[in-house]
Amino acid sequence: MAVVTGAARGIGAAVVRRLAGEGWAVVAVDACTDDPGVPYALAAPEQLTALGAEFTDVRTVRADVRDADAVRHAVELAEREFGGLDAAVGAAAVILGGGPVWEQPEAEWRTLFDVDVTGVLNLARAAVPALLRRPAPRHGRFVALASAAAHRGLWGLGGYCAAKHAVLGLVRGLACDLRDTGVNAVAVSPGSTDTAMLRATAALYGLDDTAELAASQLVGRVLAPEEVATVVAWACAREAGAVTGSVLHADGGFTG
């Protein structure tokens, strides 16, 4: 049983489909509403509804990851509906920027950290106790989507880089706190992936073609969300028990 945030589209939706296709029951969580502080359209309610309709064992919840109570209720639903929690995947994020970090408006900075970092923390606060409620020997997994931006500086995206570095630090600290519990914490860092966020990134740079953002990836192309989801699903598996406190680079070779 898994909870996935940012689930209505992009990598989050691909993770839900991958896990559900492998037999997982999933609670798919997404705010499904636009944010006045984000200058591009976010996921729509019908996208989350359609995702839920694809699978018998997928439940959908409209909840903003900035709302700790709402995230906790989603985890409680998972435990109530499916008897427990084995994995939590934090995929909810936004991207903002386009200029020097010292010129970034305070509101943008706050939105980046509230969604991309505190959203992951809210999931951890709700999900980790549920993962630990599983009887030993347990095989719990907490997986957070970081980014290639957690490892490299990117022009015009200083705030986003800082937020994703924070996600990576949070995961590493969480893994230490979970020592010897049977619950692992892992970050997955995608590169340029075919999502609405990548299109928003191209717009920040004034680019017409997202393929230009993949120029530094050794695979020579934009990644598909399903490719990243495969890595996330592996990180959730029992077989991934040796991996904790570290990062899986699903970035097409960008960070080498």
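The values are calculated or read from the model by the stated rules, or taken from the named source; none is laboratory data. Source: prediction; values computed, not measured. With ideal geometry, Cβ positions are generated from the backbone for all residues, glycine too; neighbour counts draw on all protein chains shown.
Residues in the stretch 148-169 that are in contact with a Pro (Cβ under 8 Å, 6 or more places away or on another chain) and at negative phi: how many? Can you show your working first?
So in the stretch 148-169, the residues in contact with a Pro (Cβ under 8 Å, 6 or more places away or on another chain) come out as 148, 156, 158.
With at negative phi added as a condition, the list becomes 148, 158.
Number satisfying all stated conditions: 2.
Identify, please: which residue in the stretch 116-141 is charged (D, E, K, R) and surrounded by fewer than 20 Cβ atoms within 10 Å (Cβ to Cβ) and is, among those, farthest from G37 (Cα to Cα)?
Within the stretch 116-141, the first condition is being charged (D, E, K, R), and the residues that meet it are 116, 125, 133-134, 138, 141.
Right, trim to surrounded by fewer than 20 Cβ atoms within 10 Å (Cβ to Cβ) and you get 125, 133-134, 138.
Working: R125: 25, R133: 37, R134: 39, R138: 40 Å.
By that ranking, first place goes to R138.
Just one of (1) closer than 28 Å to G98 by Cβ; (2) free of Cβ contacts under 8 Å to residues at least 12 places away in the same chain trips up A203, so point out which.
(2)
Please identify the pairs in which a residue from the stretch 142-158 that is under 20 Å from P105 (Cα atoms) has its Cβ atom under 8 Å from the Cβ atom of a residue that is surrounded by fewer than 22 Cβ atoms within 10 Å (Cβ to Cβ) and basic (K, R), counting only partners at least 6 apart or on another chain.
none
Among (1) without any contact (Cβ under 8 Å) to a residue 60 or more places away in the chain; (2) under 21 Å from the mean Cα position of the chain (by Cα); (3) on the phi > 0 side of the Ramachandran plot, there is one condition V231 misses while meeting the rest; what is its number?
For V231, the failing item is (3).
Would you mention how many residues in the stretch 21-42 are out of contact with any helix residue (DSSP H, G or I) (no Cβ under 6 Å at 6 or more places or on another chain), touching a residue at least 60 places away in the same chain (Cβ under 8 Å) and closer than 25 Å to R80 by Cβ?
Final tally of qualifying residues: 3.
Of all residues in the stretch 142-199, how many are surrounded by fewer than 19 Cβ atoms within 10 Å (Cβ to Cβ), assigned to a helix (DSSP H, G or I) and not hydrophobic (A, V, I, L, M, F, W, C)?
The number of residues fulfilling the criteria is 6.
So if I check each of A224, A240, A202, which one is closer than 21 Å to V115 by Cα and surrounded by fewer than 22 Cβ atoms within 10 Å (Cβ to Cβ)?
On inspection, the qualifying residue turns out to be A202.
Can you confirm whether the stretch 60-80 contains a residue that is closer than 22 Å to E226 by Cβ and either in contact with a strand residue (DSSP E or B) (Cβ under 7 Å, 6 or more places away or on another chain) or at pLDDT 95 or above (or both)? Step through it out loud before you land on a result.
Initially, the stretch 60-80 is screened for residues closer than 22 Å to E226 by Cβ, giving 60.
Filter again for either in contact with a strand residue (DSSP E or B) (Cβ under 7 Å, 6 or more places away or on another chain) or at pLDDT 95 or above (or both), leaving 60.
Scanning the stretch 60-80, I find at least one residue that is closer than 22 Å to E226 by Cβ and either in contact with a strand residue (DSSP E or B) (Cβ under 7 Å, 6 or more places away or on another chain) or at pLDDT 95 or above (or both), so the answer is yes.
When you look at V71, is it crowded, with 22+ Cβ neighbours inside 10 Å and assigned to a strand (DSSP E or B), yes or no?
Criteria not met by V71.
Condition (residue is of a type in the set (G, A, S), out of contact with any Gly (no Cβ under 7 Å at 6 or more places or on another chain) and farther than 15 Å from A28 by Cβ) applied to the stretch 91-111: is it met by at least one residue? Steps first, please.
Initial filter on the stretch 91-111 (of a type in the set (G, A, S)): 91-93, 97-99, 107.
Imposing the further condition that a residue be out of contact with any Gly (no Cβ under 7 Å at 6 or more places or on another chain) reduces the set to none.
Taking every residue of the stretch 91-111 in turn, none turns out to be of a type in the set (G, A, S), out of contact with any Gly (no Cβ under 7 Å at 6 or more places or on another chain) and farther than 15 Å from A28 by Cβ.
Identify all residues within the stretch 238-255 that are in a loop (DSSP other than H, G, I, E, B) and touching a residue at least 12 places away in the same chain (Cβ under 8 Å); write none if there are none. Please lay out each step first, then the result.
Keep residues of the stretch 238-255 that are in a loop (DSSP other than H, G, I, E, B), which gives 241-245, 251-255.
Of everything in the stretch 238-255, those that are in a loop (DSSP other than H, G, I, E, B) and touching a residue at least 12 places away in the same chain (Cβ under 8 Å) turn out to be G241, V243, T244, G245, D251, G252, G253, F254, T255.
Testing I95 on (1) surrounded by fewer than 16 Cβ atoms within 10 Å (Cβ to Cβ); (2) not in a helix (DSSP H, G or I), one condition comes back false. Which one is that?
All conditions are met except number (1).
Please work out if A229 is in contact with a strand residue (DSSP E or B) (Cβ under 7 Å, 6 or more places away or on another chain), surrounded by 15 or more Cβ atoms within 10 Å (Cβ to Cβ), of a type in the set (G, A, S) and not in a loop (DSSP other than H, G, I, E, B). Full working, then the answer.
On the way: in contact with a strand residue (DSSP E or B) (Cβ under 7 Å, 6 or more places away or on another chain): no; surrounded by 15 or more Cβ atoms within 10 Å (Cβ to Cβ): yes; of a type in the set (G, A, S): yes; not in a loop (DSSP other than H, G, I, E, B): yes.
So A229 does not fit the description; no.
Here's a check for you: in the stretch 206-220, which residue that is surrounded by 16 or more Cβ atoms within 10 Å (Cβ to Cβ) and part of a loop (DSSP other than H, G, I, E, B) is nearest to the chain's Cα centre (by Cα)? If you could, list the steps in order and put the result at the bottom.
Within the stretch 206-220, the subset surrounded by 16 or more Cβ atoms within 10 Å (Cβ to Cβ) is 210, 213-214, 216-217.
In the following step, the residues that additionally are part of a loop (DSSP other than H, G, I, E, B) were identified as 216-217.
Working: S216: 22, Q217: 21 Å.
It comes out as Q217.
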